[in-house]
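What follows is calculated from the coordinates using simple rules that are stated; it is not laboratory data. All values derive from a computational prediction rather than experimental measurement. Here the Cβ is made from the backbone with ideal geometry for all residues, glycine too, and neighbour counts use every protein chain on show.
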Amino acid sequence: MVAAAMLAPATGRASESIKFGLTPVFLSNDLELLDLLRNYLTDATGGPVELVTRRTYQEITALLVSGQLDAAWICGYPFVQFRQELTLLATPLWNGEPLYQSFLIVSHSREVSDWVDLEGDIHAFSDPDSNSGFLVTRALLASRGMGPEEFFFRHFYTYGHRNVIRAVASGLAQSGSVDGYVYEVMREIEPALIAQTRIVRHSEWLGFPPIAASTVKAGDERIVELQRALLSMDQHESGRKVLALLRLDGFASSDPALFDTIAEKVDLIRRLG
């Protein structure tokens, strides 16, 4: 039996494509990955899948909430901001858990021992709607009664976690806020780049960036098939190839409460920031 037949759902569906959004995560520009992901999801759902990418998290989130996307791989920060408008479909598993951390990084040669020593830095954030690349550090500063404008000499957004690492490694930024999953995978695939940096602070474990659908579309047959395809990705050879490139173990169903810690950070900023 051919792979496509093995992956196809038991019932067919109309040829209308599933529009699946991807935020600018570190591998989103990998053409091999995008092709493998599109092909897997097309075979597994029994119909065409269109991958939609944009430069910022905000653009993808806006398209998702407005119903212009059927589903998207977003971040925990926008998920909690629009929790009433979004339904959680699946959460990636990394090292067997749906969790990751935020890192504060500096140049490898820099002699600092605590994150408070970063005061006065030129600091690189990933995206203003990124949990690990902005919110975690923003909440940390809020707990001290400060904002980025007060703590850092200057800050800027790179719109990509890989770009944060590059900014710190090159000296364009003195420190940066970065996704710990991205950092650890980059340690494997670009060790020379990571060797130019080091971690000053690990955050607590937080809910991994999830895949969500607009609540008004959550019961649509196409969304149900997409969710099934994600949750069974590790059971198919073509799906395992996608997971291998992502360095993920698979996808799992999760309770939205997984993201409560992120929601608490949002609330902290609203109260103190």
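Laid out as a table, the results:
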read-out	value
Shape call, segment 102-203: gyration tensor on alpha carbons, a/c limit 1.5	prolate
Net +/- balance of residues flanking residue 124 in space, Cβ distance below 13 Å, scoring K and R +1, D and E -1	0
Relative contact order of the chain, defined on C-alpha pairs under 8 angstrom at six or more residues apart (%)	28 percent
Top positive-direction residue, dipole computed over the chain with Cβ charges, set 252, 156, 51	156
Total formal charge among the other residues, if their Cβ is under 12 angstrom from that of residue 252, Lys/Arg +1 and Asp/Glu -1	-4
Exposed chymotrypsin sites (Phe, Trp or Tyr not before Pro) absent: longest stretch of the chain, with sites in DSSP loops and at most 15 other Cβ within 10 Å deemed exposed	1-152
Separation in nanometres of the label points that stand 7 Å from Cα toward Cβ, at residue 244 and residue 205	2.7 nm
Partner lysines for residue 241 [C-alpha distance under 30 Å; skip if fewer than 8 residues away on the same chain]	19, 217
